[in-house]
Each structure stands twice: as C-alpha cells, then as structure tokens.
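Data block below; observations after.
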Amino acid sequence: MKKYTSVQDVDNLEGLVQEALHLKENPYKYKKLGENKTLGLIFLNPSLRTRLSTQKAAQNLGMNVMVMNLDKEGWALETKEGAIMNGTTVEHIKDAAAAMGQYCDIIGIRSFPKLQNREEDYNEELLQQFITYSKVPIVSLESATRHPLQSLADLLTITENKPAGKKPKVVLTWAPHIKSIPQCVANSFAEWMNQADVELVITHPEGYSLADEFTAGATVTTNQDEALQDADFVYVKNWSSYEDYGKVLTDGNGWMMTNEKLQKTNNAKVMHCLPVRRNVELSDEILDGPNSLVLEQANNRTYAAQAVLKRMLETM
Ligand code: CP
C-alpha cells in the first residue's frame, strides 16, 4: 500500500478488517517489521486519539515515531505553485514535504478544511502535495474531506458488535453542534459503509446533504424517527452544510440522540468518533450507558492504524 487516503486505496477491505482484528489479538507479533523504520506524524490541527493511537500502532510494529505540530512549530507554508514568496509564508510545501521525506519512511498528515471555499477544500491540495513531494507512503490522519483511519476503526467496531445472522442496519444521523464542523467524518463513514456488508441509512435536516460521491447507494431521509426504526447501529455526528458550504443552518433542536429515541431502534449500539460535545450532540445517558461503543471505537483506532502501517511496511 503506497497511500491511505480513502477506501479506494484498500484493495481488499474484508482482508484489512480481518488483519486489524488479528493484530488486536496479537499486537506485538510483527515487532521486527518496523525495526529501523521511522513514521513522521504531521499535525496542522489538534488531536488526541489519532496522535496517540497511531504512535502506539507504530510502536507495536517496532517503528520509531517523530511528531510535529507543523502549524505551531514549523515555518509558515506556501502551497501555491510559482508563488513569489515575498509575503508571510516562509517555506514552500514542495521543499518542506521533500525534506520530511528524507527523514521518514512513512508520513501521516492531518489537515482540516478551512470551510470557506468548497472547491479548494475538496481538491485536497495539501494532502496531494505531500503525496507528490515527500516521495514516501502517506497516511491521512484526517484530511479536508475524509477520515479513513477513523472509518476503518468504525468498521472494526461494527464487525465485532453486529448481530449474528443478519445484515446490520446502520444509521448515520446528523446531530446538533455549536459551530461549523467539517463533513470529513460523515463523508468517510458513508463511503466506507457503502463498501461494507451493511444497510446504510443517512438522516439529517434539510440543507445538510453530503456529496453524492460519498453517499451514493445509501438511503437518505430528513425524517430521523423513520430512519431510526429497527437500527442496529446509530452513528452520531455533526457536520456543516455542503450545499451552503460550511454554514450552520439550524440549531438542530430535537436532533440530539437520547434514550427515548433509542426505543425506536433494535436496541442499537451508539457510535461517535469523539471528541463529543456532551448533551449537545449526544446525551450523557447514552454516552455513559450500556449501548455506547465510543471507547471501543477509540481503542480500535490503534489496530486500524497498525493494519495500515503493516501493509505499507510490507511493500518496502
Ligand atoms: N476521532 C479523532 O480523530 O479524534 P482526535 O481528533 O482526538 O484525533
């Protein structure tokens, strides 16, 4: 595997899921594989789970890890080709990424969208430039449009918890938030579930449709009650509008998941990628209750990352 930026980079999804579950049972079995190999983790945005779980995954494989908060600790980056750099930017990304490629065998990068210009965000300029200029395998630690390590961890969690003998019904439901949030997690979850053996239903208020490239094949409805009927899993997530790009269109009153809403489901397990705004996106009663899978998802982040890094190391 030369890059891991979306489900399209995975040639055998079920094989990758089984590999990650095998690594969960045997985390140190491949400790020699990453010996004398270095993973560089580059963050342009905050992180708790991605940062720690990916470091742990690399350490389980015997890799060295370097972490840099590029937004705070690096030079101000220029991304425009041919720029005359007589302003505030100090280093061109083609030089920075190429230099990092000299120190690292694999690079992970997190770069959120700015949510101001949809075309710019959805072009994934920064991620693409790292792929082009670093010349080493790249892992997305969450980009402008997707969060593939989270989605793999989510699929592991569903695989481990699905009811026996039936295709699970998985509902992705929009939830309220106080600010404008990227579509990445929702886009990515929809894209991955569409490739998995599940029935996917997406529900959100008017004006919050995700891009077709991620949702095609899923049932989409603005009726949350209808969507929740007989659900086996409910994935809760806020996102800002894709159509009216980056905008918050409603306070979302009535959309927060509660135990009362869970009554409509097939005693559904409830998922969220975290961090979560308690009692805004999701109620305490659910997060602290028996149906919550949020810590299992967080734990599975390690084995998702470990399976991806292992695939990359095996091609070196
Ligand atoms: N879910 C997730 O990516 O968490 P962090 O933003 O804390 O890494």
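A few notes on this one:
- Residue check for PRO113: of a type outside the set (Gly, Ala, Ser), within 16 Å of the ligand (Cβ to nearest atom) and either out of contact with any His (no Cβ under 9 Å at 6 or more places or on another chain) or at positive phi (or both): yes
- Checking the stated criteria, VAL234 turns out not to satisfy the condition of being of a type in the set (A, V, I, L, M, F, W, C), within 16 Å of the ligand (Cβ to nearest atom), in contact (Cβ under 8 Å) with a residue 12 or more places away in the chain and surrounded by 15 or more Cβ atoms within 10 Å (Cβ to Cβ).
Residue by residue, here is whether (1) more than 16 Å from the ligand (Cβ to nearest atom); (2) closer than 15 Å to ARG311 by Cα; (3) surrounded by 15 or more Cβ atoms within 10 Å (Cβ to Cβ) holds:
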residue	(1), (2), (3)
GLU14	yes, yes, no
LEU23	yes, yes, yes
PRO27	yes, yes, yes
THR54	no, yes, yes
MET63	yes, yes, yes
GLU73	yes, no, no
ALA83	yes, no, no
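- Check on MET256, under 28 Å from PRO113 (Cα atoms) and within 16 Å of the ligand (Cβ to nearest atom): no
- Looking across region 36-52 at every residue that is in a loop (DSSP other than H, G, I, E, B) and closer than 17 Å to LEU127 by Cβ, the one that is farthest from the ligand (Cβ to nearest atom) is identified as LEU44.
- Scan region 132-188 for residues that are away from the ligand (no atom under 13 Å from the Cβ), out of contact with any helix residue (DSSP H, G or I) (no Cβ under 6 Å at 6 or more places or on another chain) and of a type in the set (Gly, Ala, Ser) and the total you get is 4.
Throughout, read-outs are computed from the coordinates displayed, never taken from laboratory work. Predicted model only: the values in this text are computed from it and were never measured. Positions of Cβ are backbone-derived with ideal geometry, glycine not excepted, and every protein chain shown enters the neighbour counts.
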